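Read the structure below first, then the notes.
The values are calculated or read from the model by the stated rules, or taken from the named source; none is laboratory data. On a predicted model such as this, the values are computed, not experimentally measured, just so you know. Cβ placement follows ideal geometry from the backbone for every residue including glycine, while neighbour counts extend to all protein chains displayed. Surface areas here come from the heavy atoms of the whole protein model, side chains and all, with no ligands, DNA or RNA. Shrake-Rupley method; radii C 1.70, N 1.55, O 1.52, S 1.80 Å.
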Amino acid sequence: MSEGIDTFDYVVVGSGAAGSIVAARLAEDDRATVCVLEAGPSDKNRYIHIPAGFIKTLFDPAYTWQFRTEASPHIGGRQIATIQGRVVGGSSSINGMIYNRGLPSDFNHWAQLGNRGWGYEDVLPYFRRTERRIGFGADGVRGRDGAMPVTDMDWIHPVSEAFIAGAVGMGIPRNPDYNSGDQPGVGYFQRTIHRGKRISAARAFLWPALRRGNIDLRTEARACSIVFDKGRAVGVRYLNSRGGASSEVRARREVVLCCGTANSARLLQVSGVGSADLLNSLGVPVVHALGGVGEKLKDHYSIRSTVRAKSNVITLNEIARNVRLGVQIARWALGRPSILAVVPSQVYAFWKSAPHLEDTDLQFMFTPGSYKQGRNYVLDDYPGMTCGVEPHRPDSFGYVRARSTDVFEDPIIQPNYLAAETDRRTIVLGLKLVRRLLSTPELARYVEGEILPGPLVQNDDELLDYCRNNGSTGFHLVGTCRMGPESDPGAVVDDRLRVHGLRGLRVIDASIMPNIPSANTYASTMMIGEKGADLIRQDAKAGA
């Protein structure tokens, strides 16, 4: 190794949901040394730890990658903000805090694609290892001893109860635990909030691990290239995020990319790993031609409907203002249930767009509040409520490509939302079900009338047009470093998460998902971090 360059056993790029876990687990070996490179700052901002504080951090470029998708003809030529965390804890420090594993069939499908050890029964122990479930759940399925607390909603609004009652009246059963492996039903989301505070992956795993003394966490360290030597990854070059001279760290054993779906693909590309045509267009020497890097990007695309509540109904819109907000702040400070410690979407429903389907394919998200059209998390001036829906398993896919070798320039992100006809059909069916959920007899006494899409939007073409022009991201980007056997020409990593054709390099984050799970991706990404760290330790022990 080069003199004057710091050397560690492992270099982990990214401190998000997967990276925090990978670093913490590798550091359990007292003899191992780990360097974690985080492009953003430390997570000391108080708004990170107050659950409702995401409104302050989500749009702050000091803590987030303010990415935007490319314009797409399938969504009215719009660009959509697809923000990702750029802070210690990554997106787990700025996300909606919902804990949602998905369906067993999601992971069985991964295994069916040739990924050994990734079926539901294989990954269940890793879900359990991460989790400290506080509340109802079968002990054989839910974890009780992990570092990440998963709690139930403690702030309950009567409108939410009416929404649930209405869904039950429609034939959607109340489900006491949608993370049990049996997903269909309606109820309150489980969340990674404990004692009124957000528990990010960094707070649960990385910060406690730092006390061991064998992890070097470097913040404001933006990775700009992987260092290779004869087909082996031996280090990472990085820049201070505020500018300045480049630095380099070396890895005796492995470099592990945990940068997220957009950034892991981009870092590989600017380092010479990817499509030869793309690398040539960027002027990057080809280290290893791997055409799947950056391809098969998927994301959940969601649409919402809002209704105006009757004037005597007090919704979040009113509670979050003036004296009422002061009361909520006081309640939070005293450790009592408060709107400061709730997730943005409070009630879930998982259901089918058509009766013949084997699995649920829609996720509904309800909250007793509403936001101004075209404004991000700005509450309406009148009482309202919102129900959104996203198809779980979209067929549309796109790509991520480095725009240049300048890592301060955002990559090209093109999910191609609604490109597939199946996705267009499913989202229209989902929006129709949203309307039914918001017009049940149980909810009727709270509702004055629909605001969006509005009474003029009725037939399927009008509903689809509304979805095209008003839908948005679920912030669930996956797939750009897809896991698959070497015989799969689009696969980037094998089932041990090693990059095909290279040594000493793995990708361990949501980008390796061969398909998007029927859920928010946070829980699955933590599971991937747990399993990925285990694979590294197994291979190190075997001398592989």
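Some notes on this structure:
- Loop-exposed GluC sites (Glu not before Pro) per DSSP, neighbour cap 13 Cβ within 10 angstrom, longest uninterrupted part of the chain: 29-357
- Apportionment of accessible area to carbon and sulfur, the chain, percent (1.4 Å): 49 percent
- When Cα extents along the principal axes in Å is calculated for this entry, the matching label among (1) 145, 57, 46; (2) 87, 62, 45; (3) 73, 50, 46 is (3).
- Derived scalar couplings ³J(HN,Hα) [region 256-264; Karplus, 6.51 cos²θ - 1.76 cosθ + 1.60; whole Hz; x for Gly, Pro]: 10, 8, 10, 8, x, 4, 6, 7, 5
- Per-residue [θ]222 nm for the chain (sum of -39500 (n - 2.57) over DSSP H runs n ≥ 4, rounded to 500): -7500 deg cm²/dmol
- Long-range amide H partners of GLU448 with built H, under 5 Å: ARG308, ALA309, LYS310
- Environment charge at ARG403 (Cβ cut-off 13 Å; Lys +1, Arg +1, Asp -1, Glu -1): -1
- Listed residue (LEU340, GLY117, ALA265) projecting farthest to the positive dipole end of the chain, Cβ model: LEU340
- Angle of helix 522-542 to the longest C-alpha principal axis of the chain, folded into 0 to 90 degrees and rounded to 10: 20°.
- A Cβ-based charge dipole, computed about the Cα centre of region 1-73 with Lys and Arg at +1 and Asp and Glu at -1, lands at about 480 debye.
- Applying the criteria of a DSSP loop state and at most 15 other Cβ atoms within 10 Å to the chymotrypsin sites (Phe, Trp or Tyr not before Pro) of region 310-385 yields TYR377.
- Cα gyration tensor, region 473-544 - rounded (a/c under 1.5), prolate or oblate: oblate
- Order of exposure, largest accessible area first, which applies to ASP423, ASP410 with probe 1.4 Å: ASP410, ASP423
- Within the chain: Cβ-based charge dipole about Cα centre, in debye rounded to nearest 20 (Lys, Arg +1; Asp, Glu -1): 1320 debye
- Of GLY16, ASN515, ILE319, farthest towards positive along the dipole that unit charges on Lys, Arg, Asp, Glu beta carbons give the chain: ILE319
- Residues whose placed amide H lies under 5 Å from that of VAL87, excluding near-sequence neighbours: GLY40
- When ASP395, ASP145 are compared by accessible surface with a 1.4 Å probe, the order from highest to lowest is ASP145, ASP395.
- Once the Cα atoms are used to define both axes, helix 158-169 deviates from the longest principal axis of the chain by about 90 degrees.
- Helix 460-470 axis, angle to the chain major axis (alpha carbon atoms, nearest 10°): 50 degrees
- Taking a ≥ b ≥ c as the square roots of the eigenvalues of the Cα gyration tensor, an a/c ratio of 1.5 or more together with a/b no larger than b/c marks region 329-439 as oblate.
- Potential lengthening between ASP29 and PHE408 on full extension [0.36 nm per residue; Cα-Cα distance subtracted]: 133.0 nm
- Along the axis of the charge dipole computed for region 377-535 (Cβ charges of +1 for Lys and Arg, -1 for Asp and Glu, origin at the Cα centre), the listed residues THR525, ALA402, LEU456 are led at the positive end by THR525.
- The mean accessible area for residues of the chain, using a 1.4 Å probe and ignoring ligands and nucleic acids, is 38 Å² per residue.
- Loop-located trypsin sites (Lys or Arg not before Pro) in region 151-239 (DSSP state not H, G, I, E or B) with no more than 11 neighbouring Cβ atoms inside 10 Å: ARG195, ARG211, LYS230.
- In a fully extended conformation the segment linking MET170 and ARG324 would gain 52.0 nm over its present Cα-Cα distance, using 0.36 nm per residue.
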